[in-house]
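The structure appears below as structure tokens.
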């Protein structure tokens, strides 16, 4: 049986792309390697709480609602339209 993808996989990539960041830029700003960020974005590993909160600040996401819904929500409470 295949392992289910992380909830975060559906949040990280769309938010990064919408805000115009590369994987390398996000990785550097959030303090992880590009290889680790790629694993996070592809749902291979789960992010730490500090990483996720930094990412949400960087991409202007509502961390709690995005996690609860499994899709990116802006800090204004609206879904991030890709």
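Determine if the stretch 64-77 includes at least one residue that is touching a strand residue (DSSP E or B) at 6+ places or on another chain (Cβ under 9 Å), free of Cβ contacts under 8 Å to residues at least 12 places away in the same chain and surrounded by 14 or more Cβ atoms within 10 Å (Cβ to Cβ).
yes
Can you report the number of residues in the stretch 30-63 which are surrounded by fewer than 16 Cβ atoms within 10 Å (Cβ to Cβ) and in contact with a strand residue (DSSP E or B) (Cβ under 7 Å, 6 or more places away or on another chain)?
The number of residues fulfilling the criteria is 1.
I'm told residue 7 meets every condition in (1) in a loop (DSSP other than H, G, I, E, B); (2) surrounded by 14 or more Cβ atoms within 10 Å (Cβ to Cβ); (3) at pLDDT 90 or above except one. Can you identify the failing condition by its number?
(3)
Do we find that residue 27 is free of Cβ contacts under 8 Å to residues at least 40 places away in the same chain, over 10 Å from the mean Cα position of the chain (by Cα), loosely packed, with under 13 Cβ neighbours inside 10 Å and part of a helix (DSSP H, G or I) in this structure?
For residue 27, the condition - free of Cβ contacts under 8 Å to residues at least 40 places away in the same chain, over 10 Å from the mean Cα position of the chain (by Cα), loosely packed, with under 13 Cβ neighbours inside 10 Å and part of a helix (DSSP H, G or I) - is not met.
The values are calculated or read from the model by the stated rules, or taken from the named source; none is laboratory data. Small disclaimer: the values here were computed from a predicted structure and weren't measured. Quick reminder, even Gly has a Cβ in these numbers, built from the backbone with ideal geometry, and neighbours come from all protein chains shown.
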